[in-house]
1. Can you confirm whether the stretch 173-181 contains a residue that is touching a Leu at 6+ places or on another chain (Cβ under 6 Å) and of a type in the set (A, V, I, L, M)?
2. For a quick check of your reading: which strands (runs of 3 or more DSSP E) sit entirely within the stretch 60-142 and have at least 1 residues that are more than 30 Å from ALA152 (Cβ to Cβ) and not assigned by TED's automatic domain parsing to the domain that holds ALA251?
3. Cβ contacts < 7 Å: first residue under 21 Å from GLU46 (Cα atoms), restricted to the stretch 149-161; second residue of a type in the set (S, T, N, Q) and modelled with pLDDT of 90 or more, any location; separation 6+ or different chain. Result?
4. Can you name the condition, by its number, that ARG107 falls short on among (1) at pLDDT 95 or above; (2) under 22 Å from SER256 (Cα atoms)?
5. Only one residue in ALA57, ALA90, ALA69 is closer than 22 Å to THR196 by Cα, crowded, with 19+ Cβ neighbours inside 10 Å and free of Cβ contacts under 8 Å to residues at least 40 places away in the same chain. Which one?
6. I'm told ALA157 meets every condition in (1) more than 18 Å from the chain's Cα centre (by Cα); (2) under 22 Å from SER257 (Cα atoms) except one. Can you identify the failing condition by its number?
Amino acid sequence: MPVFMLDVLPSDSSAAVAGTVHRVETGTVTLDVRDLGPSRGDGVFETIGVVDGHPQALDAHLKRLANSAHLLDLPEPHEAQWRHAITVAAASLSTQRQGGLKIVLTRGVEGTGTPTGWIVASEAAGDFAEREAGIRVITLDRGYTSDVAARAPWLLAGAKTLSYAVNMAALREARRRGADDVVFVSSDGYVMEAPTSTVILRFGDCIVTPRTDIGILPGTSQLSVFAFAEARGLRTEEALVPVGDLTRADAAWLVSSVRLAAPITHVDGADVPVDLELTRAMNAALLAREN
């Protein structure tokens, strides 16, 4: 699992980015325990899929990284430096298997004012059987209403932060209930997102995803799915999605950067139709995307 540390540059720096990214040898100390990322979750991250050595949806991921940094009042990422670092990290992976990159930017060691940045590159552990077999999900209350982003911006809804303890607890709860994953719903009854995925539904010839202004992340793979759908002549829409629509839909998926599109087969034990042909076409398009 190659690790790369960055000498984080200010966004307006004109310094050459070559030489600011360093591969860390196994067993070498990489992180100060006083760093506010691991000690307080005070940082942001992205997970980028890598196929044939190519980091996918890079523009969308960098845009979301910058937005998350803005929401946390972190320094704006130096785009050219992160592009270079991501390219270097992706090149460290075998082209024989799908891989992923976790890119992280934290506030750094408390009191220094210097952010910390790193990338972990890894090969996929499995063969993503769920793309064909599908997944069983449960719905869990996220604990706030759909107006949280406007009403309480300090909760950082819509930022991809390192504070993922709640998301991981939700996945453990799903497994305790015999399911594979979770769909969070707002306390006023609307579909939000999964702990690590975006929700997508099909109603006839329309592909729908929840609106991001309800306090959820904009999905990078969701953007690619919408482009794919529109190319097939399907309509696309961002909407408020009542939780009951999960079982009324003609098909439903959880979509993420590495797993890609996994069809939902059950919601809280109720059957959901699976569109296997569209799922296969969707995943083929996601695997083939250049950006």
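The values are calculated or read from the model by the stated rules, or taken from the named source; none is laboratory data. What you are looking at is a predicted structure, and each value in this text was computed from that prediction instead of being measured. All Cβ positions, glycine included, derive from the backbone under ideal geometry; neighbour counts span all protein chains shown.
1. No, the stretch 173-181 contains no residue that is touching a Leu at 6+ places or on another chain (Cβ under 6 Å) and of a type in the set (A, V, I, L, M).
2. 99-106, 116-123
3. GLY158/THR212; ALA159/SER68; LYS160/SER68; THR161/SER68
4. (2)
5. ALA69
6. (1)
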